[in-house]
Structures are given as structure tokens and as C-alpha cells.
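J.: One structure coming up, written as C-alpha cells, with questions to follow.
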Amino acid sequence: MREHLETFLAEAGRGDSDRAGVPSFVESEMRSFVECGVLAHGFARFRCDDCGTDRLLAFSCQRRGFCPSCGGRRMTARAAHLVDEVVPYVPTRQWVLSLPFRLRFRVAFDHDLAREVLAVFTREVFGFYVERARRRGLEDARTGSVTVIQRFGGALNLNPHFHTLCIDGVFTEDDSGKLRFHRLPAPADREVAELLGAVVEGIRRVLERRGLCIDGEDENTDNDAPTLHDQLGAASIQQLALTGPRAQHPIARFRSRFAAPAEAVTAVKLGRRRARIEGFDLHADTTVRAKSRDRLERLCRYLLRPPLSEERLERCGEQIRLELKSTWQDGTTHLLFEPIELLERLAALVPRPHKNMAVAVHGGADASPRSCTGTDLSTGRAKARL
């Protein structure tokens, strides 16, 4: 970053259009990352009164785009808060909704649309639990969830998707006002597919109201040329380089000698409690038992993790090699970036300012996302704000 940031910003600023160049909030994020943890840019001094030992602590950037240090501290604090103050001692299930490529671009840069898509998804999941409870004679049943909107994929690509940690059952209130939890059976594969179908229809209605569509041309199109940030996002979603000698070409890959044959790559096995419809993908097979708080915290840390892990990056001469968390179906194990290509990926991951993309809590019958992340899902009482 220190070696190539100025070159990247200079290349991005070329052109006659007033939409050339990275936005100021992206440049500020990248410059702050360069200064993060550097004593020359500010520090706090701590002194022990007993032994007289001094310690210097460099200031951190405290940004939310891609800094692994600040993101790691935020991940640890928020995961502990969710386990200690938010999620009750009941079984939980993770629901993961992935979006088609065209919709990923819209959701990544339109926060209001992201909230509407999330509201549709959560409403259908809540309705699924409440309807199953009603069949068992449980009236006025309620459930709750915590959703993390992840903007990235394992290849540092822009890939907004929703991780919803949902209570795996419902609460009812008895005559004395005491809450009682009722666990429900795990959903069948058919039920997951039906739920995804309802989510897709709900999202289609949202898009129609906005004059948008998942495939094809939109009714309401912006006549202005896309900004560089938009172009970086589109290239990241498509796994392409935007500038440099490999512009508009896929990022270089390292493949294992034991790559899967082409026919096996197209035959994707979805697995249990997973469905795929028109580019939408829903997975609901990850569960945590009521007393497994350590495992719950690990799952929360996974949901809240930063996009960049320095342990997966390695210099290869003038290039940077990124190790993938899991081997792709075509045998790809690593991606090989030119320095500018890596900066392009990082710039695309920076969210717009003043938009809450971290956590949304849903409780009770209301499926609308709220920014307050300190809600006890078993009672609906707001306790604190992260």
C-alpha cells in the first residue's frame, strides 16, 4: 500500500471526466490504513506508577473498509457482545442468502435497497418459523435474529450477502407473562427451497417498485456515466482487473494439479438444506446448540470478520499471492494480483460513509432491520448500542 498508493491514485485520477478518480472517502480510507499503527502518526503513552515502565501505543485508523487490525478488534468486541448480551441461551441457526451478480452491484452501492432486500429475507424467515409454530398449536409465537451484511467474498471480491443468525424456534408468552421457548425441527431441503422461492418473489416485487429487474435492462436507468468506484465494484464482482496490463481480463490463478474435470464443475452439488434459484442461493445447515457458547462466539466472529487476512497474503516477487480459504471447483487454490489490482479490490470494498453495514437486529413480529445491535432477542428490550 505504501509503495503503490500514490501510483494508484494518480492512475485513477486520469481522464477528462469529473467522475474520474476514486471518491474522497475511499482515498481517506486508504491513506488512514497506511498510517494505522505507525508511531510517527500519533500514539498514546502509558506508564506504570509502580515500576516506571513506559509503553507506547500507536493510534489505529479505526476504519471499517479492510484494515485487518481494526477489523479484528471490532470483530472480537462485537462477537463477545452478541454472545454475552444479545443472543439468549437457545439453539440458533445461520441462514445465508447470496444474490445474483447483477443484484450484487445494486445492493453494494444502494444502502436503501440493501435494507429492503434484507427486510424481505427476514420477513420470510420469520414467517417460516411462525407458520410452523402455528401448525403445532402455538399462537402469537415470535422469534428473533441478528444479520451481518458482508460485502466481500473469499477472493477479496465485492460480494454483498446476508448472514442471518436466527433463533431456531419461537417464544410464546404464558398467562403470567413469562416467556417460554419452543424449539422447532430442522427445516427439510424442500422447505428451504420453498422459502427461497418466496424470498425471490418478494425481492422481485421490491425491484419492480423501483423500476429495476434482476436480468435485462432496467426501466429507470441513470444516464450519467458510472463513477470509478462503481467501475471498480463491477470489475471486482466479475473477478476482473480494471486497469494495468491485464485490464478487463480475469485475475491470474494458481490451480491444483488435481483440478476437477469441466463436466464436474458445472454439476454443482448443493448439499443439505441448501437451495439455488435464478442465481439466488440460500444455505441453512449451520446450527449451534443452546449451551455451546464458545461455538456461538466463533460463528459470530466468522460473521463479523474483516475481509482481509494478512496470513493469506504472500509476496511473489513484484506480485501478491492470495491463498483462498477453500479450493474452487476448477482447482484454483490461489489468486495472483499485480499491486495495482490488489488496491483496486480493496478500494471496491470500502462502503459509502454514514451507512450501517455491520449488524441489524430483528426481534418479535417486526422484521424491519434496526441499527441498535444491543437487543436481547428473548425479551425485545434494548440494552446497549455497539
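The values are calculated or read from the model by the stated rules, or taken from the named source; none is laboratory data. Source: prediction; values computed, not measured. In this analysis, Cβ positions are derived from the backbone assuming ideal geometry, glycine residues included, and neighbour counts consider all displayed protein chains. Each accessible area value is taken on the protein alone, full model and side chains, heavy atoms only, with ligands, DNA and RNA left out. Shrake-Rupley method; radii C 1.70, N 1.55, O 1.52, S 1.80 Å.
J.: Packing-wise, with mean Cβ within 10 Å as the measure, how do 178-187, 94-103 rank, highest first?
T.: Most protected by this proxy first, the peptides run 94-103, 178-187.
J.: Now for a different question. Show me 108-120, 155-167, 72-84, 311-323 ranked by packing, highest mean number of other Cβ atoms within 10 Å first. Intermediate values should be presented prior to the final figure.
T.: Values: 108-120: 19.2, 155-167: 22.1, 72-84: 17.1, 311-323: 12.7.
Output ranking for 108-120, 155-167, 72-84, 311-323: 155-167, 108-120, 72-84, 311-323.
J.: Can you send over the carbon and sulfur percentage of the accessible area for segment 1-117, probe radius 1.4 Å, protein chains only?
T.: Using a 1.4 Å probe with all protein chains present, segment 1-117 comes out at 48 percent carbon and sulfur.
J.: Do me a favour and compute the ellipsoid semi-axes for segment 1-131 from its Cα gyration tensor, root of five times each eigenvalue, largest one first, whole Å.
T.: After diagonalising the Cα gyration tensor, the semi-axes are 36, 31, 9 Å.
J.: Taking 0.36 nm per intervening residue step and subtracting the Cα-Cα distance, what contour gain separates Thr327 from Arg31 on full extension?
T.: Working: separation 296, 0.36 × 296 = 106.56 nm, distance 3.28 nm.
Answer, rounded to one decimal: 103.3 nm.
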